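Report on one structure; see the data block that follows.
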Amino acid sequence: DEMIPNTFVVFSKLNFVENEPVARAILDGTRSSLTDTTEFLGKLALASAQAVYNSTKDGYSVWTTSWLYQLVWNDSIQYIFWKDLWIDDRNVDSVKKAAFDHSDLFQLRYVGSEKSRSLVAANLEQGGVAEEVIHKATVRNLDATIAKLQKKFDVFKPRVPVLTTAPITAFIGMKEGLDGGEKFDALELTVDPKTGARKYKSVATVTVEKGKVWDNRYVPGEQKIPVLQNDSIAPPTTLDRTYFKGSDKVQPGMLLKQIR
């Protein structure tokens with residue numbers, strides 16, 4: 001019941017754009033827009049535009065737009081789901097299965113969209129090396145749009161469990177857009193004794209330590225698999241988690257949620 005409302009779908013559209021025509025258009029636009037303020041300033045502006053052209057004309061760019069949708073879920077939909085569509089694994093009901101397969105009960109709600117661009121300084125004619133570079137840029141661009149969606153929309157913000165408390169660490173990092181200084185709420189699970197309803201309340205605030213952010217971004221051929229370690233083991237030379245500083249109220253089992 002708690003997980004189902006947090007079901008999301010992300011649609012992404014990717015465009016691969018050759019850099020040279022775009023860079024050329026910017027250079028030509030600068031040339032045509034120059035007014036004769038002074039010969040020196042004109043030459044300076046043109047030299048600057050030429051330098052930008054030279055640094056951006058090679059290779060391709062990846063332009064990504066991602067649209068975020070959330071499953072519509074409320075008490076009435078939940079009631080119908082459990083009553084008419086849910087199938088107990090111990091008692092397969094073909095009628096309910098057919099009803100589930102053909103149901104129009106479930107809808108998606110549009111939340112918002114974000115864009116990201118990456119410069120790929122590689123020539124497609126370079127073969128395997130270029131393909132690897134472009135693949136890396138593509139994956140990272142997708143991650144970047146998702147990170148932007150997470151920061152922009154509170155409902156989509158990741159909630160990551162506290163890994164250790166001395167120091168405070170968690171498996172979240174650069175892939176989620178962290179670079180140090182971001183603030184997170186430490187959330188504690190509470191249960192209503194009368195209804196049994198579970199909810200999280202904020203008990204403290206922690207801050208990402210600069211220089212101690214885990215680089216969990218995609219690298220071709222490399223798997224970023226976090227490894228649980230005992231608190232007494234010395235920190236690894238290569239970061240495999242992100243470190244936070246803050247309140248001593250933070251306890252194992254709590255969740256960290258970024259503050260907008």
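The values are calculated or read from the model by the stated rules, or taken from the named source; none is laboratory data. Since this is a predicted model, take the numbers as computed values, not measurements. Glycine gets a Cβ as well: all are built from the backbone with ideal geometry, and neighbour counts include every protein chain shown. Just the protein is used for accessible areas: all its heavy atoms, side chains included, with ligands, DNA and RNA removed. Shrake-Rupley method; radii C 1.70, N 1.55, O 1.52, S 1.80 Å.
Across the alpha-carbon set of the chain, the Rg to Rh ratio works out to 1.09, Rh being the Kirkwood radius.
Ligands, DNA and RNA are left out, and with a 1.4 angstrom probe the accessible area of the chain is 63 Å² per residue.
Just add up the charged neighbours of residue 195: K/R +1, D/E -1, any other residue whose Cβ is under 15 Å from the Cβ of residue 195. Can you show the working numbers first?
Details: positive: 194, 198, 199; negative: 1, 2, 75, 192.
Once all neighbours under 15 Å are counted, the net charge is -1.
Computed packing ranks the peptides 110-116, 146-152 as 146-152, 110-116, most packed first, by mean other Cβ atoms within 10 Å. Helices in the chain that qualify as membrane-span-like (whole DSSP H runs, Cα extent of at least 30 Å along the helix axis, mean Kyte-Doolittle hydropathy of -1.0 or higher) are 128-152.
Which of rounded, prolate or oblate describes the stretch 50-189 when judged by the alpha-carbon gyration tensor and an a/c cut-off of 1.5? Prolate shape, in that a/c is at least 1.5 and a/b is the bigger ratio. Other residues lying with their Cβ under 12 Å from the Cβ of residue 150 contribute a combined charge of +3, Lys and Arg counting +1, Asp and Glu -1. Computed with the Debye formula from one identical point scatterer per Cα of the stretch 1-90, without solvent, the log10 of I(q)/I(0) at q = 0.11, 0.24, 0.26 Å⁻¹ comes to -0.59, -1.12, -1.19.
State the percentage of accessible surface on the stretch 139-187 attributable to carbon and sulfur atoms; use a 1.4 Å probe and exclude ligands, DNA and RNA. Carbon and sulfur together cover 58 percent of it.
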